[in-house]
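Peer 1: I have a structure I would like to understand better, so I am pasting it below and will then ask my questions one at a time.
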Amino acid sequence: MTCDIPNIYEYDVVIVGAGLAGLAAAIECKKAGLKICVISKIHPLRSHSGAAQGGINAALREDDAKSHEFDTVKGGDYLGDQSAIKLLCDRAPETIRYIENMGAVFSRESSGVIAQRQFGGQSKPRACYAKDRTGLTCLQTFYEQADRLGVEFCEEFFVGDLLFDADRNKVYGITAMKIKDGAFSVFNARAVLFAMGGYARCYEINSNAHANTGDALSIALRRGLSLEDMEFVQFHPTGLNPSGILISEAARGEGGRLFNSKNERFMSRYAPKKMELAPRDVVSRAIETEIAEGRGAGENKDAVWLDLTHLGEDLIAAKLPELRDLAITFQGLDMVKDRVMIRATAHYSMGGIPTDIDARVKRDETAAIVEGFYAAGECACVSVHGANRLGANSLLEAALFGRVAGETIAKDMANLTLKNADKSDAAGFMAEVDRLLTQNGNESVAKLRAELQKSMTKNVGVFRDQERLAKQKEIIKDIRDRFKKARLTDKSARYNTELFEALEFGHMLDFSALIVEGALRREESRGAHYRTDFPDRDDAKFLRHTFAALDKNGEVKVAYAPVDIGDHKPQKRSY
Ligand SMILES: Cc1cc2nc3c(=O)[nH]c(=O)nc-3n(C[C@H](O)[C@H](O)[C@H](O)COP(=O)(O)OP(=O)(O)OC[C@H]3O[C@@H](n4cnc5c(N)ncnc54)[C@H](O)[C@@H]3O)c2cc1C
């Protein structure tokens, strides 16, 4: 493989990521007349946004945004920043209209109004949906509109580095490699937006697409920037056993019930009022407790039953057709007449690249803004989900804050200068690729990745404790050393998937260390982060955001920043 002299391109704005957040931003930037380019390592329509099934929240009609706001603050166990949550909920109805005006067709009541289903932790049915293909409907619509406006796409380009002048505190572009032929490019830009999605692939049992490897997180981290609240990983209660493929919360929203091997509807012990519609962290812990205490179902007693049989074929065909297909394909069980086997699956990342409510990236816990750098969607942490995201709030976040990012960039553009990049700016990424292709040893990336994923599920999963977290820290160190001896067998330039998997694995290793360190230091239980050795929430010590970065020796350093508390003062959280 040859490391060619890189191509140099110049834009006002480079948007990395073509999911809902990236496309929403692209549409706004294009409307503002900016010269933009959207880069994606996969075809835009394969972005994980398209896999979202259940819905997108908004308080419509007789419902009100204040109630949506309270549910979101409480759902996030009071760690969410309340100005950002207020913005999310206030602009949610307008976001639904925006998506609909672009051409997305939501499911309707017979009266013609948009139908809404009940989701966990919400006091009203407020998830708007398109059957169980909500994300796909939105993604296709956004892509069509971006295309109609003439947005330029660079698809199958793998972004590997962020051009950041630390002294001037300024981002001025990215470097990428074309997957088809291995050619390097430098994209010089006044503004860069990261909208690169989530990272649950670092867990063995997860619901995410293969592309969700959190590249954005490690790229920012390696440039000395901090990440926020990385220890908060959401485990969705209903992943198909054993693959982890998602059965949307829509299944419980439409009336699905959970049973253990003794045929007990066990949620009555954990959330007597909300039952199956308690938030995800509560239901996931209940399921894993039932399994741990020997009441698991199935041959290996490592799952529980999700029962939809009482809903009838007509409702399932009308509202949950994809879910039925998934269970038939992966378990051979038909929801119309069979219960299906589920257990918790790593699903969503509450943490990420810290931003203010205008999508501008914060450099660290001081909240100083990095010039020319923006983040939105799942890779960002504007902290609307706090310690636990409520279902159907994430498509909303991606669509809304993607749009906000576009609006902010258009506003900031007059003050953003171009720092001319040249081919030497590609040196860092080229060296990383060269190292991977030439280093010699006997370790296999696939094997190391499996070790990381398995150990993350085991030691940093639904339940955590000091001993397991400390052990995981050592495991990551060991895997990191062995990764230096990994040998790739494919040295070619064309579609070298082995190389891209190795690059993605390097990213997973880097940010996983922050998940572990944040979890180790947070000696309390809050939202999705549950420490069996510290089972209570400790507001006095830990009502604060974790900011983690890497020091000069590659060790994780941790600092904290206050939570933005508004109208909703912390209370005990029960359902
Ligand atoms: C199975 C499933 C079901 C879900 N259901 C719901 C739901 O019903 N409601 C809800 O609110 N939320 C749901 N979510 C969560 C929600 O879908 C996501 O959080 C949201 O869509 C993320 O959008 P995004 O634009 O941030 O990222 P994504 O849609 O994941 O897009 C990421 C983009 O970044 C690009 N990218 C990443 N790395 C690189 C790189 N190195 N170089 C170039 N490009 C790169 C990718 O190519 C992709 O285009 C679900 C998630 C899953 C996994």
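The values are calculated or read from the model by the stated rules, or taken from the named source; none is laboratory data. Just so we're clear, the structure is a prediction, and the values are computed from it rather than from any experiment. Don't worry about glycine lacking a Cβ; one is built from the backbone with ideal geometry, like all the others, and counts go over all protein chains shown. For the accessible areas, the whole protein counts, side chains as well, though only heavy atoms, and no ligand, DNA or RNA atoms are used. Shrake-Rupley method; radii C 1.70, N 1.55, O 1.52, S 1.80 Å.
Peer 1: Working only within the range 33-80, note down all residues that are open to solvent by less than 20 Å² (accessible area, probe 1.4 Å), within 12 Å of the ligand (Cβ to nearest atom) and assigned to a loop (DSSP other than H, G, I, E, B).
Peer 2: 47, 54, 55, 58, listed by residue number.
Peer 1: Kindly provide the set of residues from the range 81-114 that are part of a helix (DSSP H, G or I) and over 17 Å from residue 127 (Cα atoms), ordered by number. Reasoning before the result, please.
Peer 2: Going residue by residue through the range 81-114, those that are part of a helix (DSSP H, G or I) are 82-90, 92-102.
Scanning the range 81-114 gives 82, 83, 84, 86, 87, 101, 102.
Peer 1: Determine whether residue 158 is more than 30 Å from residue 114 (Cα to Cα), of a type outside the set (Lys, Arg), outside any loop (DSSP other than H, G, I, E, B) and open to solvent by less than 20 Å² (accessible area, probe 1.4 Å).
Peer 2: Answer is yes for this residue.
Peer 1: Going through the range 289-312 one residue at a time, which ones are assigned to a loop (DSSP other than H, G, I, E, B) and under 14 Å from residue 242 (Cβ atoms)? Walk me through it before giving the result.
Peer 2: Step one: filter the range 289-312 for residues assigned to a loop (DSSP other than H, G, I, E, B), giving 293-296, 298-302, 308, 312.
Once the filter is applied, which keeps residues that are assigned to a loop (DSSP other than H, G, I, E, B) and under 14 Å from residue 242 (Cβ atoms), the range 289-312 yields 296, 298, 299, 300, 301, 302.
Peer 1: If you don't mind, there's one more thing I want to ask. Limited to the range 122-136, what total is found for residues that are over 19 Å from the mean Cα position of the chain (by Cα), of a type in the set (S, T, N, Q) and within 10 Å of the ligand (Cβ to nearest atom)?
Peer 2: Of the residues in that region, 0 qualify.
Peer 1: Within the bounds of the range 137-152, is there any residue that is over 23 Å from the mean Cα position of the chain (by Cα), assigned to a strand (DSSP E or B) and on the phi < 0 side of the Ramachandran plot? Break it down into steps so the answer makes sense when it comes.
Peer 2: Let us first name the residues in the range 137-152 that are over 23 Å from the mean Cα position of the chain (by Cα), namely 144-145, 147-152.
Now restrict to residues that are assigned to a strand (DSSP E or B): 152.
Within this subset, residues satisfying the condition of being on the phi < 0 side of the Ramachandran plot are 152.
Yes; the residues of the range 137-152 include at least one that is over 23 Å from the mean Cα position of the chain (by Cα), assigned to a strand (DSSP E or B) and on the phi < 0 side of the Ramachandran plot.
Peer 1: Among the residues of the range 1-20, what is the count of those that are touching a strand residue (DSSP E or B) at 6+ places or on another chain (Cβ under 8 Å) and either within 6 Å of the ligand (Cβ to nearest atom) or of a type in the set (Asp, Glu) (or both)?
Peer 2: 6
Peer 1: In the range 370-393, which residues are open to solvent by 20 Å² or more (accessible area, probe 1.4 Å) and farther than 29 Å from residue 97 by Cβ?
Peer 2: At the first step, the residues of the range 370-393 found to be open to solvent by 20 Å² or more (accessible area, probe 1.4 Å) are 371, 378.
371 - this is the single residue of the range 370-393 that is open to solvent by 20 Å² or more (accessible area, probe 1.4 Å) and farther than 29 Å from residue 97 by Cβ.
Peer 1: Could you list, in sequence order, the residues of the range 219-242 that are within 12 Å of the ligand (Cβ to nearest atom) and among the hydroxyl-bearing types (Ser, Thr, Tyr)?
Peer 2: Matches in the range 219-242: 238 only.
Peer 1: Now a separate question. With the requirement that a residue be open to solvent by 40 Å² or more (accessible area, probe 1.4 Å) and part of a strand (DSSP E or B), what does the range 336-351 give you?
Peer 2: Scanning the range 336-351 gives 341, 343.
Peer 1: Another one. Starting from residues that are part of a loop (DSSP other than H, G, I, E, B), away from the ligand (no atom under 15 Å from the Cβ) and not small (Gly, Ala, Ser), keep the ones in the range 359-393 and report whichever is farthest from residue 49 (Cα to Cα).
Peer 2: Among those that are part of a loop (DSSP other than H, G, I, E, B), away from the ligand (no atom under 15 Å from the Cβ) and not small (Gly, Ala, Ser), it is 366.
Peer 1: Moving on to the next point. Mind checking which residues of the range 479-508 are open to solvent by less than 10 Å² (accessible area, probe 1.4 Å) and either more than 17 Å from residue 199 (Cβ to Cβ) or without any contact (Cβ under 8 Å) to a residue 60 or more places away in the chain (or both)? Walk me through how you get there before you give the answer.
Peer 2: Just the residues of the range 479-508 that are open to solvent by less than 10 Å² (accessible area, probe 1.4 Å), to begin with: 479, 486, 488, 496, 499, 502-503, 505-508.
If the condition is that a residue be open to solvent by less than 10 Å² (accessible area, probe 1.4 Å) and either more than 17 Å from residue 199 (Cβ to Cβ) or without any contact (Cβ under 8 Å) to a residue 60 or more places away in the chain (or both), then 479, 486, 488, 496, 499 are the ones that fit.
Peer 1: Considering 216, 211, 297, which residue is within 11 Å of the ligand (Cβ to nearest atom), farther than 20 Å from residue 117 by Cα and surrounded by fewer than 24 Cβ atoms within 10 Å (Cβ to Cβ)? Give the derivation first.
Peer 2: On the way: 216 fails: surrounded by fewer than 24 Cβ atoms within 10 Å (Cβ to Cβ); 297 fails: within 11 Å of the ligand (Cβ to nearest atom).
Result: 211 is the single residue among 216, 211, 297 that is within 11 Å of the ligand (Cβ to nearest atom), farther than 20 Å from residue 117 by Cα and surrounded by fewer than 24 Cβ atoms within 10 Å (Cβ to Cβ).
Peer 1: Right, next: Residue 416 fails exactly one of the following numbered conditions: (1) open to solvent by less than 30 Å² (accessible area, probe 1.4 Å); (2) within 24 Å of the chain's Cα centre (by Cα); (3) hydrophobic (A, V, I, L, M, F, W, C). What is the number of that condition?
Peer 2: Of (1) open to solvent by less than 30 Å² (accessible area, probe 1.4 Å); (2) within 24 Å of the chain's Cα centre (by Cα); (3) hydrophobic (A, V, I, L, M, F, W, C), only one is false for residue 416: (2).
Peer 1: Check whether at least one residue in the range 534-553 is surrounded by fewer than 16 Cβ atoms within 10 Å (Cβ to Cβ), of a type outside the set (Lys, Arg) and either under 15 Å from residue 233 (Cβ atoms) or touching a helix residue (DSSP H, G or I) at 6+ places or on another chain (Cβ under 9 Å) (or both), and report yes or no.
Peer 2: Checked against the condition, which is being surrounded by fewer than 16 Cβ atoms within 10 Å (Cβ to Cβ), of a type outside the set (Lys, Arg) and either under 15 Å from residue 233 (Cβ atoms) or touching a helix residue (DSSP H, G or I) at 6+ places or on another chain (Cβ under 9 Å) (or both), the range 534-553 yields no hits at all.
Peer 1: Give me the residue from the range 512-558 that is of a type in the set (A, V, I, L, M, F, W, C) and in a helix (DSSP H, G or I) and, out of that set, nearest to residue 82 (Cα to Cα). Quick ask: steps written out before the conclusion?
Peer 2: Restricting attention to the range 512-558, the residues satisfying the condition of being of a type in the set (A, V, I, L, M, F, W, C) are 513-516, 519-520, 528, 534, 540, 542-543, 547-550, 556, 558.
Of the ones still in play, those that are also in a helix (DSSP H, G or I) are 513-516, 519-520, 540, 542.
Details: 513: 28, 514: 25, 515: 23, 516: 26, 519: 23, 520: 26, 540: 18, 542: 17 Å.
So, considering only residues that are of a type in the set (A, V, I, L, M, F, W, C) and in a helix (DSSP H, G or I), the one nearest to residue 82 (Cα to Cα) is 542.
Peer 1: Let me ask something else about it. Could you say which residue among 315, 333, 400, 396 is open to solvent by 10 Å² or more (accessible area, probe 1.4 Å), among the aliphatic types (A, V, I, L, M) and in a helix (DSSP H, G or I)?
Peer 2: On the way: 333 fails: in a helix (DSSP H, G or I); 400 fails: open to solvent by 10 Å² or more (accessible area, probe 1.4 Å); 396 fails: open to solvent by 10 Å² or more (accessible area, probe 1.4 Å).
The match here is 315.
This table checks each residue for (1) without any contact (Cβ under 8 Å) to a residue 12 or more places away in the chain; (2) open to solvent by less than 30 Å² (accessible area, probe 1.4 Å).
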| position | (1), (2) |
| --- | --- |
| 405 | no, yes |
| 435 | yes, no |
| 445 | no, yes |
| 466 | no, no |
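Peer 1: Given the conditions (1) surrounded by fewer than 20 Cβ atoms within 10 Å (Cβ to Cβ); (2) more than 21 Å from the chain's Cα centre (by Cα), and given that residue 222 satisfies all but one, which numbered condition is not satisfied?
Peer 2: It fails just one condition, (2).
Peer 1: A further question follows. Looking at (1) in contact with a Gly (Cβ under 6 Å, 6 or more places away or on another chain); (2) of a type in the set (A, V, I, L, M, F, W, C); (3) near the ligand (Cβ under 10 Å from one of its atoms), which is the one condition that is false for residue 142?
Peer 2: Result: residue 142 passes all but (1).
Peer 1: Hey, can you tell me all the residues within the range 162-185 that are near the ligand (Cβ under 10 Å from one of its atoms) and either assigned to a strand (DSSP E or B) or not hydrophobic (A, V, I, L, M, F, W, C) (or both)? Don't jump to the end; show me each part of the working.
Peer 2: Going through the range 162-185, the residues near the ligand (Cβ under 10 Å from one of its atoms) turn out to be 174, 176-177, 179.
174, 176, 177, listed by residue number.
Peer 1: Being more than 16 Å from the ligand (Cβ to nearest atom) and either in a helix (DSSP H, G or I) or under 15 Å from residue 304 (Cα atoms) (or both) is true for just one of 265, 252. Which residue is that? Explain how you work it out, then say what you get.
Peer 2: Numbers: 252 fails: more than 16 Å from the ligand (Cβ to nearest atom).
Every option except 265 fails the conditions.
Peer 1: Restricting to the range 169-196, name every residue that is open to solvent by less than 10 Å² (accessible area, probe 1.4 Å) and either free of Cβ contacts under 8 Å to residues at least 24 places away in the same chain or among the β-branched types (Val, Ile, Thr) (or both).
Peer 2: Those that are open to solvent by less than 10 Å² (accessible area, probe 1.4 Å) and either free of Cβ contacts under 8 Å to residues at least 24 places away in the same chain or among the β-branched types (Val, Ile, Thr) (or both): 171, 174, 175, 186, 192.
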